[in-house]
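Enquirer: This structure is in structure tokens; I'll ask about it shortly.
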Amino acid sequence: MPDTSATQPEETSGADSRTSNPPGPPGEVLRPVPFRGGGFAPRRIGVVGWILFTVILLLWELGSRTGVISQLTLPAPSEALTAFADLVRSGLLWRHLEASLSRLLVGWFFGALLGITVGFAIGLFSLARAGMVPLVAAIFPIPKIALLPLFIVWFGIGEESKVAVILFGTFFPTVISTYGGVDNVDRSLIRMGQSFGLRRFSIIWKIILPGALPAILSGMRISASIAIILLVAAEMIGAEFGIGAYVMQAGNLMATDQLVAGVAVLSVFGLTVSWLIGRAERYLLRWRS
Amino acid sequence: MDLKVDSLSHRYGEMPVLEDIDLHIESGQIVCVIGPSGCGKSTLLRLIGGLERPTAGRVLQLGDPPDGCLNPLTYIFQDFALLPWRTVRGNISLVLEDHGFRGRRADAIIDDVLARTKLSDFKAAYPRQLSGGMKQRVAIARALAVKPAVFLMDEPLSALDSQTRELLMDDLIGLWLRETFTAVYVTHNLNEAVRLGHKIVVLSRRPGRIREIVDIDTPLGTREIGDPALRDRQQHLWNLMREEALAADRELADA
């Protein structure tokens, strides 16, 4: 749109300006000022994502049917769909989902809860900051999957070690985004609270927490993705049920249709979590828009 | 309740900002503090309200705050300091909650202060929906809600355009005429000072010392924009400040 509005006057300017002759010294050419603004303002276009998604799937299916994409390299989406339907019919999908979702929720919930608590401690107390910030910086970059054997030694091969990996993995990014958020709360609002004699708890609960919430929520987006990645990694080592275990088994049998179906379920996981956080943001941060 | 500032000095590290300030803030009066930028007038206000600890000297309260006063020394800030996630009503209720005012008792106070600041129709609005002038009205309503003994106003109109400033000055005068209040009003705007101040304290450039205290006897209600007596006062204040402002302007910030 902005392009046409910018070029239209330009096309007519040559003929127009000399005939209609507004005031000004005779013989001088009048030109409209070219438009240079606009842009840099992303809009919401809902359908584009769906269209792109559908086009990719259609091309993929077409490629498989015509033989451009060989069966060995990549199964057709329809085959993956059949594998998925088998999974639903056998009733195994629900057992896999139940196992994965419970691990994900427990690990992510406690990881985020602990992370927010520690993040607030860092944001509010100099001693906690002095101790925890270097510690977090030292441990955050370690791939938590590398620690899984240790967790298995500590917590056993059962659920605990898998939950621990997710908890540990989500804890650190949450800490970092939380204390960043607390640090960024407008100090003048805190001074205002003090000047009205608000209690310390009120200042934390009514000023700092809502002020840090945007940063905490965007940290949750990141930690949720990390949680899904770690879930699959943990399930690939010693789990009977779980989407990760299903993908792993499919891979071992070279059942690529099942593998694609499992991966698609994981992708739906990610989409759902991102949608849920989007809803939470729109509700909790409705004062922003 | 009166306030007495007793040989107050303050320094940030090695740099002195205020030196030996003595000041008496009488009940029912508006004391304006003017001075060139960086002279420590906002610091003085933070010291008076107990938001900062002075290096030397002290600030004393004379007498008791009036009955029903919830927060004797109450600020009105230049940047309004409203919580963006609370509505107009919520922003005022914030300062009442900790004093045990909730529900209907809080509503009575909130409705009263909103009516006094002509904000009754904006109770459910969020700060982002309001103009600057309206935001500052909310901040004034919030301050009124705690029935302060002394208002501490830190350049309350400096973030507003000049028309809004005139309107709000009229509102402040109206509020004072209906029910006298005590205030320390920090500003760099001489016109605001001569319109609102009973007493105008002129500070020198950093380190801030009191250069002169100018009394204005014309009653607040009869001060007109073109009043020649006020214009003389304003001219006099400008003569006092001109050199200081010029010198302050040429100083390096971290010198």
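Enquirer: Suppose we filter the range B:34-68 for residues that are buried (at least 16 other Cβ atoms within 10 Å of the Cβ), more than 9 Å from chain A (Cβ to nearest Cβ) and in contact with an Asp or Glu (Cβ under 8 Å, 6 or more places away or on another chain); how many remain?
Expert: Residues flagged as buried (at least 16 other Cβ atoms within 10 Å of the Cβ), more than 9 Å from chain A (Cβ to nearest Cβ) and in contact with an Asp or Glu (Cβ under 8 Å, 6 or more places away or on another chain) within the range B:34-68 amount to 9.
Enquirer: Might you let me know whether the range B:69-78 holds any residue that is within 8 Å of another protein chain (Cβ to nearest Cβ), in contact (Cβ under 8 Å) with a residue 24 or more places away in the chain and in contact with a helix residue (DSSP H, G or I) (Cβ under 6 Å, 6 or more places away or on another chain)?
Expert: Yes.
Enquirer: While we're looking at this one, here's another question. In the range B:193-243, what residues are β-branched (Val, Ile, Thr) and over 20 Å from B:Met153 (Cα atoms)?
Expert: B:Thr218, B:Thr222, B:Ile225
Enquirer: Could you tell me whether A:Pro214 is within 14 Å of another protein chain (Cβ to nearest Cβ) and either among the hydrophobic types (A, V, I, L, M, F, W, C) or out of contact with any Asp or Glu (no Cβ under 9 Å at 6 or more places or on another chain) (or both)?
Expert: no
Enquirer: Now for a separate question. Of these, A:Arg279, A:Arg286, which one is farther than 27 Å from A:Ala85 by Cβ and within 14 Å of chain B (Cβ to nearest Cβ)?
Expert: A:Arg286
Enquirer: While we're looking at this one, here's another question. For the range A:272-289, which residues satisfy the criterion of being modelled with pLDDT under 90 and surrounded by fewer than 11 Cβ atoms within 10 Å (Cβ to Cβ)?
Expert: Matches in the range A:272-289: A:Arg286, A:Ser289.
Enquirer: Something else now. Which one of these does B:Arg206 not meet: (1) part of a loop (DSSP other than H, G, I, E, B); (2) surrounded by fewer than 20 Cβ atoms within 10 Å (Cβ to Cβ)?
Expert: Of (1) part of a loop (DSSP other than H, G, I, E, B); (2) surrounded by fewer than 20 Cβ atoms within 10 Å (Cβ to Cβ), only one is false for B:Arg206: (2).
Enquirer: Follow-up. Mind listing just one residue for me: the one in the range B:223-237 that is touching a residue at least 12 places away in the same chain (Cβ under 8 Å) and basic (Lys, Arg) and, of those, surrounded by the most Cβ atoms within 10 Å (Cβ to Cβ)?
Expert: B:Arg233
Enquirer: Something else now. Suppose we keep only residues that are surrounded by 15 or more Cβ atoms within 10 Å (Cβ to Cβ) and aliphatic (A, V, I, L, M) within the range B:209-222. Which one would you say is modelled with the lowest pLDDT?
Expert: Filtering the range B:209-222 for residues that are surrounded by 15 or more Cβ atoms within 10 Å (Cβ to Cβ) and aliphatic (A, V, I, L, M), the one modelled with the lowest pLDDT comes out as B:Leu220.
Enquirer: Restricting attention to the range A:149-184, report how many residues are surrounded by 19 or more Cβ atoms within 10 Å (Cβ to Cβ), within 14 Å of another protein chain (Cβ to nearest Cβ) and over 19 Å from A:Ser225 (Cβ atoms).
Expert: So the count comes out to 0.
Enquirer: Condition test on A:Ala250, is it surrounded by 15 or more Cβ atoms within 10 Å (Cβ to Cβ), assigned to a helix (DSSP H, G or I) and in contact with a Ser or Thr (Cβ under 6 Å, 6 or more places away or on another chain)?
Expert: no
Enquirer: Which count do you get for residues in the range B:9-42 that are under 19 Å from the mean Cα position of the chain (by Cα) and in a strand (DSSP E or B)?
Expert: 11
Enquirer: Inspect the range A:125-148 for any residue being touching a residue at least 12 places away in the same chain (Cβ under 8 Å), touching an Asp or Glu at 6+ places or on another chain (Cβ under 9 Å) and either crowded, with 22+ Cβ neighbours inside 10 Å or in a helix (DSSP H, G or I) (or both) and give the result as yes or no.
Expert: no
Enquirer: Please note which helices (runs of 4 or more DSSP H) are completely contained in the range B:84-156 and include at least 1 residues that are away from every other protein chain (no Cβ under 14 Å).
Expert: Result: B:103-116, B:132-145.
The values are calculated or read from the model by the stated rules, or taken from the named source; none is laboratory data. Note that the structure is a prediction, hence the values are computed from the model and not measured. Reconstructed Cβ throughout: ideal geometry from the backbone, glycine too, with neighbour counts over all protein chains shown.
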